[in-house]
Amino acid sequence: MKYGLLGYPLGHSLSPEIHRMLFSLAGKPEYQYDLYARKTLEDFSNILMLDGFNVTIPHKTNIIAYLSQMDEKVRLYHACNTVVRHGNSLCGYNTDVDGFLESLRSHNINLANKKVLVTGFGGVSKMMVTESVLAGADVTICLRDESKAGDTQREIKEKTGKVVSVITEPEEDYEIVLQGTPAGMYPNIAASPVPLFSLRHISFAFDTIYNPISTLLTNAVNFSGGTGVNGLQMLVCQAGYAQKYFYDAVFSTEQFRAVENTVKKQLERFSFPKNIILIGPPGSGKSSLMKGIGRIFQSSAVDLDAEIERKTGMEIKQIFSLKGERYFRQLEEETALDLCAETGKVISTGGGIVETASCMQRLFENPDNIVVSLMPSKEILLSRLSGDTKRPLLAGNMEVKLAELLQRRMPLYQKYAHIPVCISKEMPVKDTVLKICDRIIAYTKK
């Protein structure tokens, strides 16, 4: 028996391995499953000779024209991902819905009466919108193209009898997000279908993307205290249900989990391809923001001063006292440049690094670095630094010393900033982290 996957592109696909593992679990190791990359459906006659095949982007809708029969789910979603050949006839099914519903069940998610945001309106998004509406959810669809709003609403009204909202910019009062676009899929991982800041109150997010194993969207929801899950479980389950149509296979939950755990080891881990360097005056929040940004971008969080203390075995205050500021600045430059030799770090620097022009010029001009300058107001800084005795350059009259530092350094914080962040009022650290991450994502698109 020969099966396969039709779509384009397919270089990232794990379907052959998943199906072959399921064949083995079902006692059919001799069955075959291969990839058939086709940009269009104008010529796929060799695929028609398969016993069955799955369909993925961009053919889930266009394949319907070639079907002799289809189940009610294909008619409802106008999307087909599984085709079985019976002689010269093709029968279409949609098993994406089975994988989607299984993912929700496994996390005890009930969509009834929930405010749900669905991103996109491709094949899988249409399915999630329809299922959510039928489950009694209050659904809003987020589209990039506002001109498609009317057609989208009419389509859902015809299918379900219900009205959905369509927006291009998400609001912030949703409970659940269902993500059906390619935004964030490997290798374009530095993308999100919605601003991360809009996710800070989300309790559950389901991202149909499975490679990488986490996305910016799921990272942001998890960071904010919700639960963000990827599409691997859906991928494996829909493959299992496809084999049910192929040859009446039945798999247990334990078998599905075993396949997931095997595949998971081969998926890409989210790794932001640049260093994010935080500069700013003492008390600007670099250390605390570094940790949050590191969690969302899955990057190593490194405090430059702590790294210097680790290397020297001395506290910064001791280095200033025993060796002087000039020695410290040389050591600071050397350590910063060493840390930036490889990407994937969020680095919190000391407030005075900007006064070493040679160091900042190299950090700023390196295309692997994004320099984020945190610039709170003087009033915020004084409030945060009150009682701090560990900063040698602020010893004595802190207000006077801080004013002198800001006068000298503020132009430098602006000069060396790829992303300047002015902070005029206090807000929760998590909110600030999400706002900065949105700025970083926007910067990478330039």
Handout entry: Those residues of region 99-124 which are under 18 Å from Thr208 (Cβ atoms), out of contact with any strand residue (DSSP E or B) (no Cβ under 8 Å at 6 or more places or on another chain) and assigned to a loop (DSSP other than H, G, I, E, B), in sequence order
Key = Gly122
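So that you can scan it fast, the table gives a plain yes or no per residue for (1) within 27 Å of Ile156 (Cα to Cα); (2) modelled with pLDDT under 95:
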site: Arg20; (1), (2): no, no
site: Leu48; (1), (2): no, yes
site: Pro58; (1), (2): yes, yes
site: Val74; (1), (2): yes, yes
site: Val84; (1), (2): no, no
Problem - Residue count for region 254-263, restricted to those that are in contact (Cβ under 8 Å) with a residue 24 or more places away in the chain and either β-branched (Val, Ile, Thr) or surrounded by fewer than 13 Cβ atoms within 10 Å (Cβ to Cβ) (or both) - result: 3
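Scan the helices (runs of 4 or more DSSP H) fully inside region 259-364 and keep the ones with 3 or more residues being under 19 Å from Leu412 (Cβ atoms). It would help to see each step written out before you state the result.
Details: elements: 286-297, 304-312, 316-323, 325-339.
Of the helices (runs of 4 or more DSSP H) lying wholly inside region 259-364, those with at least 3 residues that are under 19 Å from Leu412 (Cβ atoms) span 325-339.
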Handout entry: Lone qualifier among Leu104, Leu117, Leu67 - being over 29 Å from the mean Cα position of the chain (by Cα), farther than 16 Å from Gln243 by Cα and among the hydrophobic types (A, V, I, L, M, F, W, C)
Key = Leu67
Handout entry: Failed condition for Ser288, given (1) of a type outside the set (Lys, Arg); (2) buried (at least 23 other Cβ atoms within 10 Å of the Cβ); (3) within 30 Å of Glu399 (Cα to Cα)
Key = (2)
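Conditions tested, residue by residue: (1) loosely packed, with under 15 Cβ neighbours inside 10 Å; (2) over 22 Å from Pro273 (Cβ atoms); (3) over 37 Å from the mean Cα position of the chain (by Cα); (4) charged (D, E, K, R).
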{"residue": "Leu304", "(1), (2), (3), (4)": "no, no, no, no"}
{"residue": "Glu309", "(1), (2), (3), (4)": "no, yes, no, yes"}
{"residue": "Lys317", "(1), (2), (3), (4)": "yes, yes, yes, yes"}
{"residue": "Leu322", "(1), (2), (3), (4)": "yes, yes, yes, no"}
{"residue": "Arg326", "(1), (2), (3), (4)": "yes, yes, yes, yes"}
{"residue": "Leu337", "(1), (2), (3), (4)": "yes, no, no, no"}
{"residue": "Ala341", "(1), (2), (3), (4)": "yes, no, no, no"}
Problem - Test for Leu117: is it modelled with pLDDT of 95 or more and either of a type in the set (A, V, I, L, M) or touching a Lys or Arg at 6+ places or on another chain (Cβ under 6 Å) (or both) - result: yes
Exercise for the section: Find all pairs meeting these conditions: Cβ atoms under 8 angstrom apart; at least six residues apart or on different chains; first residue within region 380-409 and farther than 13 Å from Ser284 by Cα and modelled with pLDDT of 80 or more; second residue among the basic types (Lys, Arg) and loosely packed, with under 15 Cβ neighbours inside 10 Å. Expected result: Ala403/Lys378
Completion exercise
How many residues of region 415-429 are at pLDDT 95 or above and of a type in the set (D, E, K, R)? The answer is 1
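Of the residues that sit in region 417-430 and are of a type in the set (D, E, K, R) and in contact with a helix residue (DSSP H, G or I) (Cβ under 7 Å, 6 or more places away or on another chain), which one is farthest from Asp368 (Cα to Cα)?
Our first condition is that a residue be of a type in the set (D, E, K, R); within region 417-430, this holds for 425-426, 430.
Still in the list and also in contact with a helix residue (DSSP H, G or I) (Cβ under 7 Å, 6 or more places away or on another chain): 426, 430.
Working: Glu426: 31, Lys430: 25 Å.
The residue in question is Glu426.
Just for region 1-17: of the residues that are hydrophobic (A, V, I, L, M, F, W, C) and assigned to a loop (DSSP other than H, G, I, E, B), which one is farthest from Lys244 (Cα to Cα)? Show your work before the answer.
Step one: list which residues in region 1-17 are hydrophobic (A, V, I, L, M, F, W, C), which gives 1, 5-6, 10, 14.
Next cut, assigned to a loop (DSSP other than H, G, I, E, B) only: 1, 10, 14.
Working: Met1: 14, Leu10: 23, Leu14: 19 Å.
Only one residue tops the list, namely Leu10.
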Exercise for the section: Would you be able to tell me the number of residues in region 104-160 that are within 21 Å of Cys80 (Cα to Cα), hydroxyl-bearing (Ser, Thr, Tyr) and surrounded by fewer than 18 Cβ atoms within 10 Å (Cβ to Cβ)? Expected result: 1
Exercise for the section: Just give me the residues in region 5-17 being free of Cβ contacts under 8 Å to residues at least 60 places away in the same chain and surrounded by fewer than 21 Cβ atoms within 10 Å (Cβ to Cβ), in sequence order. Expected result: Tyr8, Pro9, Leu10, Gly11, Ser13, Pro16
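The values are calculated or read from the model by the stated rules, or taken from the named source; none is laboratory data. A quick note: this is a predicted structure, and the numbers were derived from the prediction, not measured. Don't worry about glycine lacking a Cβ; one is built from the backbone with ideal geometry, like all the others, and counts go over all protein chains shown.
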